[in-house]
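Student: Just passing along the structure, written as structure tokens.
Quick note: the coordinates plus some simple rules give every number you see, no bench work behind them. As the structure is a computational prediction, the values presented were derived from the model and not from experiment.
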Amino acid sequence: DSYSHQFHFPMSMMLMKWMSLRALHLRDTKLESLPNNIGKLVHLRYLDISWCDFEILPKSITRLVNLQTLLLDYLHNLEELPRDLNRLAKLRVLGIAKCQSLKYMPDGMKRMTCLNTLPLFVVAKRDSSIKQHGIDELE
């Protein structure tokens, strides 16, 4: 998709100018990736990348320590969430509805004590080679 590739490079540069950004709404932009420097937006509280074409999220997303809402709804190709997602200690809403390709939830979800909206919790299948993450993660 040429639109997403044209948009990706300038976005990386623009993010550096928006260091105080509090909300970023990229819903339905058909982006295929986020730049790694997204993690430098430490003041970001709201990020909506629903209805995009992501297969993976950058690890740097876990540096968004003030993030309260992360909307990933309808990311049909997203296979996994970042391992250190529990670093987002202030996260209240994790929108992952209709993320059918998710294989499991990352370790440490129970440390996300502010999380009050989680529409889906994926438990790895028994025969999977993926480390087992059970519902006890949500104590």
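Student: So if I take the centroid of the Cα atoms in the range 31-71 and the same for the range 83-127, what is the distance between those two points in Å?
Tutor: The distance from the Cα centre of the range 31-71 to that of the range 83-127 comes to 15 Å.
Student: Kindly write out, for the range 65-80 in residue order, the coupling ³J(HN,Hα) from the Karplus curve 6.51 cos²θ - 1.76 cosθ + 1.60 (θ = phi - 60°), rounded to whole Hz, with x marking Gly and Pro.
Tutor: 5, 9, 5, 10, 9, 10, 9, 10, 4, 6, 8, 4, 9, 5, 9, 8
Student: Once phi is turned into ³J(HN,Hα) by the Karplus curve 6.51 cos²θ - 1.76 cosθ + 1.60 with θ = phi - 60°, what whole-Hz value does each residue of the range 46-55 show in order, with x for glycine and proline?
Tutor: Along the range 46-55, the couplings run 9, 9, 10, 10, 4, 6, 9, 10, 6, 9 Hz.
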